[in-house]
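Student: Sending over a structure as C-alpha cells; questions will come in a sec.
Here, each number is a calculation from the coordinates, and none is a lab measurement. All of these numbers come straight from a predicted model, not from anything done at the bench. Note: ideal-geometry Cβ built from the backbone for every residue, glycine included; neighbour counts use all protein chains shown.
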Amino acid sequence: MLFFLAVPLTSDQPTSDPPYDRVRVVGLFLFFLLVIAAFWIQKPIRTSRFLAALGPQQLPWVKLGTALLILPVVLLYSKITARYRRESIVYMCTAVFVACSLLFWSLFTTKAADWTHYVYFFYVDIFNSVMVAVFWSFANDISTPEQARRDYGFIGAGGIIGGAVGSGVTGWTVEHLGMPNLLLICIGLLIAVAATARVVARRSAPQEASATRPEASLSDALAGARLTLHSRYLIAIALLVVSYEIVSNIIDYQFNTFVAQRYPDQQVMASFIGRFSTASIAASAVVQVVLTTWILRRWGPRVGLLILPCALALGSGAFLLVPLFSAIAAAFFADATLSYSLNQASKEVLYTPTDEATKYQAKAFIDMFLMRFGKGLSAIMILVWTAWLLPTGVQQLAIVSLVVIAGWLLVARAAARGFAQQTGSGSTEPRSTAARSPAETRDAEVGGAVGSPSSTPALATAGGALRKQPD
C-alpha cells in the first residue's frame, strides 16, 4: 500500500472509469512491473558473473563501453519507432530479447568464455534502455494527456514493485535454482509482457495521434545543447547530473570491489546483491512516500538537492578514514535510496519553470549525452587512478569523490538560486502539481528511454527501480 500513497488523487478523478480505461491502467501497471522485474532478475546475475570471472578491475572498461554503446542503440530505437506501430514494436523487441535470453541460457549452462561476460553486461543495459523506452512509448500512445496526469503515478509504482520483486527473486532463489534457470523466468515474464500489451492494445480506446510527442532524436539533443550552453541555469542542472554520475560510479566501483572480495562464489554474490537491492528499493519507496513531498513542499529544491551529496560526502569520508565494507556499503545504500527518490524529484522540479523547448530539447541533451558523458568520464578517472596514480588505491578514490562533491554542493546552491529567480520569487517552493499543465506532468516520451522515466516526482522512485543497483 505504501507505493500507492505517493500518488495523489486529484479532484477531477472520476469515481467510475469505463471498462477499457481500467484495462489500460491495470495493464500498463502490469506491463511496467513485468519489464522491471525481468531487468532486476538479470542485474545481480550480470554483476556477479562479471566480477567473479573478470574481477572489479575490468569494471571501468565495461562501464566506458556501455556509455559509448547505449547512445547509438537509443538513436536506432528512435528511428524504428518512426516506422512501426508501438504494439508491433513490443512484439518485435520481446521476441528479440526472448531469443537472446535463450542464447545466454545455453551459454551459461556450460563453462562460458570470458567474452560472454562482456556481452551479457552490455546486453542487460541494452535490455533496460530499450524495454523501458518501449513501455513509455506504448503507454503514451494509448493515453491522453489528462489520463497521463491522473494515472502515471500509479502506473509508475509498478516499476517500484517490479524492482523489489525481481531483485528479491534473484536474492532468495538463485542459490536454489541456479543463475541460468533464472533467465527462463525472464523469458516467461517477457512472454507475459507481449500478452499484456496485446490485451491492452485491443481493449483500450484509440487516441488521436497528436496526443503523443515525437521521439527524442539527435537533432533534439543538439538543439538542447545550444539551449543549455546559453543558460547559466541549465548549465547548473547539467553539472548536477555530471557530478552525480562521477561520484555514484566511483562509489559503485568501490562497493563492487569489496563485494567481489567478500563473496567469491558467483551465486552467493548474486544472492547478496539481490537482497541488498531489494532493501534499497524498499527504503527508496519509503523516502519517496514519507520525505520527498514534505521536503519539496516545505523547502523546495534548495534543501532537496543538498541531502544526497551531503550523505555521500559522509559515506566517502568515513570510508577514506576507515576502509571497511560497512562504510562503503552505507554510502552505496544512501546513493541507491536517495538518488532516484528525493534527489531525482528535486532535480526534475528544476525544469518546471522553464519553457517547452527547454523541457524537451535541453533535457534530451542532458539525459542523452551529459549523463553518459559523466559515466564515461568517471570510468576514465577510475582507470587513470588505479592504473597509474595509485594502483591499490580503491580507498583513496574517496578523495576524488569528496572533491567532486564539493563542486556538486556549490552547483546545487547555484541551481536552487536560479530556480528562485525562474519562479519570480525569493522562495524555492516548487509549483504544485495542480498548477502544472498536463504536458509538464507527463513522461518525456522517450525521455523514459534516454533519461528519467518521468519528469514528475511521483515517478522518481520508479526511475530508481530501473537504474540504481550494484553494477
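Student: Suppose R0 equals 35 Å; then what is the FRET efficiency for Q421 and A387 from their Cβ-Cβ distance, rounded to the nearest 0.05?
Tutor: After rounding, the FRET efficiency stands at 0.20.
Student: Treat each spin label as a single point 7 Å out from the Cα along the C-beta direction, and report the R297 to R202 distance in nm.
Tutor: Taking the two extended label points, one gets 4.3 nm.
Student: Let me ask something else about it. Just check segment 51-102 against the gyration tensor rule for me: Cα atoms, a ≥ b ≥ c as the square roots of the eigenvalues, rounded for a/c under 1.5, and otherwise prolate or oblate depending on whether a/b exceeds b/c.
Tutor: oblate
Student: Also, quick follow-up: Cα to Cα, under 22 Å, and not fewer than 8 places away if on the same chain: which lysines meet these conditions relative to K363?
Tutor: Counting by Cα, and skipping residues close in sequence, K363 has these lysines nearby: K79, K347, K375, K468.
Student: From the square roots a ≥ b ≥ c of the eigenvalues of the alpha-carbon gyration tensor of segment 291-411, which class results: rounded (a/c under 1.5), prolate (a/b over b/c), or oblate?
Tutor: In terms of gyration-tensor shape, oblate.
Student: Counting pairwise Cα distances across segment 106-149, what percent come out greater than 11 angstrom?
Tutor: Of the Cα pairs, 73 percent sit more than 11 Å apart.
Student: Which value in nm describes the separation of the simple spin-label points at L103 and L177, placed 7 Å from the Cα toward the beta carbon?
Tutor: Reported label-point gap for L103 and L177 is 2.3 nm.
Student: Setting aside same-chain residues fewer than 8 positions from K111, which lysines have a Cα under 26 Å from its Cα?
Tutor: K43, K63
Student: So if each residue of separation counts as 0.36 nm, and I subtract the Cα-Cα distance between Y84 and S326, what length gain in nm does that give?
Tutor: Length gained, Y84 through S326: 82.2 nm.
Student: Would you calculate the separation in nanometres between label points at V268 and A95, each defined as 7 Å from the Cα along the Cα-to-beta-carbon direction?
Tutor: It is 4.4 nm.
Student: Any chance you could run the full-extension gain for A113 through D355? It's 0.36 nm times the residue separation minus the Cα-Cα distance, nm to one decimal.
Tutor: Extending this stretch completely gives an extra 82.0 nm.
Student: Residue by residue through segment 115-120, what is 3J(HN,Hα) from phi via Karplus (6.51 cos²θ - 1.76 cosθ + 1.60, θ = phi - 60°)? Round to whole Hz and write x for glycine and proline.
Tutor: Listing the rounded values in order: 5, 5, 6, 5, 4, 5 Hz.
Student: Work out how much length L75 to R22 would gain on full extension: take 0.36 nm times their residue separation and subtract the Cα-Cα distance, in nm to one decimal.
Tutor: Residue separation times 0.36 nm, minus the Cα-Cα distance, leaves 15.8 nm.
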